[in-house]
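Before any comments, here is the structure.
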Amino acid sequence: MSKRFSLGLMSGTSADGLTITLVNNKPFRTLRTKTYKYPAKLQQKILTARDFNASQISELSFELGKQYANSVKKFLKETKKDIKDIFVVGSHGQTITHNPCAKTPNTLQIGEPAFMSAMGLKVVYNFRVKDMVLGGQGAPLVPFFDQYIFGKSEPKILLNIGGIANLSVTGKGVKTFGFDTGPGNSLMDTVMQSAAHKSFDRNGAVAAKGKANEKIIKKILKHKYFSKAPPKSLDKGDFENNFLNKYFGTVNKNNLHDVMATLNILTARTITLAVRRFVLNKTAAKEIVVSGGGALNKTLLENISLLLPELKVHVSDFYGIDPMAKESAAFALMATLALQEKTNHCPEATGAKQKTILGSICL
């Protein structure tokens with residue numbers, strides 16, 4: 001491979017910005033990660049895009065495509081890399097809707113890749129679609145990355161806490177699998193944005209000052225998703241504003257701390273339930289490695305550690321992977337393999353009928 005580097009682009013359900021990661025292809029390792037925040041108006045468009053008509057979604061896709069291209073230009077300049085150094089860009093895109101259980105299963109990620117292609121970059125995108133065509137959930141896709149990086153080591157649970165929390169299980173003697181465990185940061189972020197006018201609860205400091213409502217947690221844990229066996233995946237809209245209104249009503253400065261404490265414990269409990277119900281009976285994993293924005297939430301990590309005392313809890317940087325880089329790095333790897341016509345897919349995690357090469361290519 002003459003071009004040593006690839007880029008991975010990830011924009012999560014919180015829509016706070018575009019994360020770009022530069023990876024070295026051989027041997028594979030992450031080199032640099034940066035998140036470029038979206039302008040407030042663009043973030044608001046993304047957060048409300050589920051209610052847009054087709055014309056508005058099309059326009060937003062082009063707006064995001066321009067945003068991606070401009071951010072990549074900045075990133076390359078800052079890292080002193082030229083377009084000619086980049087083998088491929090793997091762009092997850094912005095999920096607008098994800099419906100694996102619909103009558104006709106479907107998913108939509110936007111962010112027009114042709115803007116980057118016009119710069120002279122090869123782009124792989126639309127990673128979820130072919131998996132769904134093959135009968136899969138279209139998510140989670142990161143278990144392939146976990147298998148690629150950790151598949152030959154001692155069994156591990158790799159937990160990524162983004163808007164939605166998902167886990168992978170891989171290692172020696174383990175047939176890699178994974179699934180979405182439930183809401184990750186999405187509910188907490190939504191409350192912080194609406195009631196505190198902040199993007200998120202930094203370090204879990206707000207949650208740490210509150211008292212969790214166990215009655216509400218017990219009611220929520222009766223949701224059918226948590227007892228459903230994998231493979232399974234979620235859309236951010238499955239746990240959104242109507243859900244919050246149903247259980248918490250109006251959130252203001254008087255109840256903010258208690259609501260955040262409840263949601264923090266809820267996320268930790270749903271992760272714990274998933275691990276106990278669907279993981280520990282299949283593997284002797286003794287470690288859980290956390291990545292994503294939730295890995296920076298001190299209160300959440302403490303809650304997970306308390307609920308799963310038999311497991312060592314490490315943040316992914318313990319293994320040299322920036323917790324904010326994992327998902328974007330995964331799509332850089334998957335894009336690199338796609339361009340080389342190599343499998344970049346873990347059907348055991350999604351329920352697809354067979355292994356394949358995921359992604360569409362924009363030259």
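The values are calculated or read from the model by the stated rules, or taken from the named source; none is laboratory data. Not measured: the values here are computed from a predicted model. All Cβ positions, even for glycine, are placed from backbone atoms using ideal geometry, and neighbour counts span all protein chains on display. The protein model used for the area step is the full one, side chains on, heavy atoms only, and it has no ligands, DNA or RNA in it. Shrake-Rupley method; radii C 1.70, N 1.55, O 1.52, S 1.80 Å.
Here are some notes:
- Of all residues in segment 1-36, those being buried (at least 18 other Cβ atoms within 10 Å of the Cβ), hydrophobic (A, V, I, L, M, F, W, C) and more than 11 Å from S328 (Cβ to Cβ) number 2.
- Selection within segment 108-127 - among the hydrophobic types (A, V, I, L, M, F, W, C), open to solvent by less than 20 Å² (accessible area, probe 1.4 Å) and in a loop (DSSP other than H, G, I, E, B): L121
- Odd one out for V72 among (1) under 28 Å from F145 (Cα atoms); (2) open to solvent by 70 Å² or more (accessible area, probe 1.4 Å): (2)
- Wholly enclosed helices (runs of 4 or more DSSP H) of segment 228-319 bearing at least 1 residues open to solvent by less than 20 Å² (accessible area, probe 1.4 Å) and modelled with pLDDT of 95 or more: 256-278, 298-307
- Near pairs, Cβ below 8 angstrom, 6+ apart or cross-chain, from segment 164-193 (among the aromatic types (F, W, Y)) to any residue that is open to solvent by 10 Å² or more (accessible area, probe 1.4 Å) and in a helix (DSSP H, G or I): F177/E348; F179/F278
- Subset tally (residues that are modelled with pLDDT of 95 or more and either under 22 Å from the mean Cα position of the chain (by Cα) or of a type in the set (A, V, I, L, M, F, W, C) (or both)) for segment 197-222: 13
- Criterion (within 21 Å of I361 (Cβ to Cβ) and modelled with pLDDT under 95) met by exactly one of S91, S2, S61: S2
- Q193 vs. criteria buried (at least 24 other Cβ atoms within 10 Å of the Cβ) and either modelled with pLDDT under 95 or part of a loop (DSSP other than H, G, I, E, B) (or both): no
- Residue match in segment 128-150 (condition: more than 30 Å from L308 (Cβ to Cβ) and not in a helix (DSSP H, G or I)): yes
- Among the residues of segment 161-175, those identified as modelled with pLDDT of 95 or more and of a type in the set (S, T, N, Q) are S168, T170.
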